[in-house]
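As structure tokens, the structure follows; a few thoughts come after it.
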Amino acid sequence: MALRPSLLTRGLSSASGPSDTGSPAEQRDDAKKNMLKAMRPLPTQHYWNVYFDRQQKDQQKSADGTYSAATLEQIGTQIESVQDFWRYNNNTPVDQIKMRESIYLFKQGFQPVWEDRRNINGGSWTFRVPKANGPDFWTRVQLMAVGEKLQGCLELGDQLCGVGLSVRFNSHLISIWHRDASKQKSIDDLLATVLEELPAELKPKPDNYFYKKHADHAGFKAPPSDTTTIPVPTIEASQV
């Protein structure tokens, strides 16, 4: 597995010389740490936000078989660099996210809501991944997003919105959202890119992934044309 970049922080003072005390090995280690502290952050092409979707405890299934009244909140600060990404990723315990809760990494300007006006014509690939593989799969998909690998495979005029992870009983549902579900080449190339980038031990079987337009979900409710209110997300009973 490829090594992760070093986790750096911004706003640190400039490097100082190695300590004149300690062994040569300790001095070399000090010099390396000071050099890393002095390096500038590597900016990402887009700004990214992290959202958390916590289902309410008293939530009930509605007559149409969907769950609603989720609480969606933005967490942490905006991700603007590779170092920001690793700081967030390394400090987010995916294995502690509870049943029916979700976490999303979305471009600035998009929200992880089907009915968001920038998402209503879009769709997503969803991968059902065993929990043992979920964190590694999730990190790799996020890197494909932040590194523009997923955007690069989309048709002209289409946009990557973001990626998400939702917890189920014995699996993680990892989704990749894009803006225009009418572009079949985008749909095909997104899947091909993910499968190509994953190592053999993480590649899902064909019956463990599917594509769906947001508007085709049973719980989708198109927003009225005369309001800017964004409805809360819904979760299909079939995905529980």
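The values are calculated or read from the model by the stated rules, or taken from the named source; none is laboratory data. These figures come from a predicted structure and were not determined experimentally. Cβ: placed from backbone, ideal geometry, glycine included. Neighbour counts: every protein chain shown.
Observations on the model:
- Which numbered condition V113 fails, given (1) modelled with pLDDT under 95; (2) in a loop (DSSP other than H, G, I, E, B); (3) over 14 Å from the mean Cα position of the chain (by Cα); (4) of a type outside the set (F, W, Y): (3)
- Number of positions in the range 46-76 that are of a type outside the set (A, V, I, L, M, F, W, C) and modelled with pLDDT under 90: 16
- Any hit, the range 110-120, residues being without any contact (Cβ under 8 Å) to a residue 40 or more places away in the chain and surrounded by fewer than 20 Cβ atoms within 10 Å (Cβ to Cβ): no
- Taking (1) closer than 12 Å to F52 by Cβ; (2) among the basic types (K, R); (3) at pLDDT 95 or above in turn, K98 satisfies each apart from (3).
- Residue check, F137 among the aromatic types (F, W, Y), part of a helix (DSSP H, G or I) and surrounded by 16 or more Cβ atoms within 10 Å (Cβ to Cβ): yes
- Selection count, the range 145-174, where residues are surrounded by 22 or more Cβ atoms within 10 Å (Cβ to Cβ) and under 15 Å from L190 (Cβ atoms): 8
- Of all residue pairs spaced 6 or more apart or on separate chains, those with beta-carbon atoms under 6 Å, a first member in the range 144-155 that is closer than 11 Å to W48 by Cβ and a second member that is among the hydrophobic types (A, V, I, L, M, F, W, C) and surrounded by 21 or more Cβ atoms within 10 Å (Cβ to Cβ) are A145/V163; V146/F85.
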